[in-house]
Amino acid sequence: MEEYLILDGYNVINSWPRLKSLMDESLETARDGLIDVMLEYGAFRGINVIIVFDAHLVKGNIGNRQKLEGIEIVFTKEYETADSYIERYIIELSKENRVAVVTDDKVEQQMILGSGAIRIPVREMIGMFDQIKNEIGKEIETNRLRKNTLSDALDIPVLKRLEKLRRGR
């Protein structure tokens, strides 16, 4: 059973203060910020991440799906909302996989629960991401402090022979 994390892209951006502030620069910058966060999160957790962005108001849009370093990015087609895409997608996906959806949209949260998926509010996702950032920082610090000695790289029989040579035996 695989694990999937699906995000309602613009809903998450508008609910995550750090990402929402990037919208002052541009919508593309905010999208890239979310993608960067989820690349890191997905890689650390080893899960499938899918970010769905509304493009239903883009005239003539046929939709777009792309993979980027392990995450899938979806832009819906004209007249298709992220909510409707996610609803249709998780019904099938949750039959044989563990699926969680990140959104603060109350109507969408009810639909998610009814389809067998798990809902995650954006605030909880922020906490999960911050926790992983802390774990990564601790791991980096631990590796930095760990001494790299010759004995770390050699196996025990070689170390014993070297010790004998050192003692003159």
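The values are calculated or read from the model by the stated rules, or taken from the named source; none is laboratory data. Nothing here was measured: the structure is a model prediction, and the numbers come from that model. Neighbour counts are summed over all protein chains in view; Cβ atoms, including those assigned to glycine, are modelled from backbone coordinates with ideal geometry.
Yes/no matrix, rows are residues, columns are (1) among the β-branched types (Val, Ile, Thr); (2) under 18 Å from Asp36 (Cα atoms); (3) at pLDDT 85 or above; (4) surrounded by fewer than 18 Cβ atoms within 10 Å (Cβ to Cβ):
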residue: Val52; (1), (2), (3), (4): yes, yes, yes, no
residue: Ile86; (1), (2), (3), (4): yes, no, yes, no
residue: Glu96; (1), (2), (3), (4): no, no, yes, yes
residue: Leu113; (1), (2), (3), (4): no, no, no, yes
residue: Gln131; (1), (2), (3), (4): no, yes, yes, yes
residue: Arg144; (1), (2), (3), (4): no, no, no, yes
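Which numbered condition in (1) over 20 Å from Glu124 (Cα atoms); (2) among the small types (Gly, Ala, Ser); (3) surrounded by 15 or more Cβ atoms within 10 Å (Cβ to Cβ) is the only one that Ser26 fails?
Exception for Ser26: condition (3).
Is region 73-83 home to any residue that is touching a residue at least 40 places away in the same chain (Cβ under 8 Å), hydrophobic (A, V, I, L, M, F, W, C), in a helix (DSSP H, G or I) and farther than 20 Å from Leu19 by Cα?
Checked against the condition, which is being touching a residue at least 40 places away in the same chain (Cβ under 8 Å), hydrophobic (A, V, I, L, M, F, W, C), in a helix (DSSP H, G or I) and farther than 20 Å from Leu19 by Cα, region 73-83 yields no hits at all.
Taking only region 85-133 into account, find how many residues are part of a strand (DSSP E or B), touching a helix residue (DSSP H, G or I) at 6+ places or on another chain (Cβ under 6 Å) and β-branched (Val, Ile, Thr).
3
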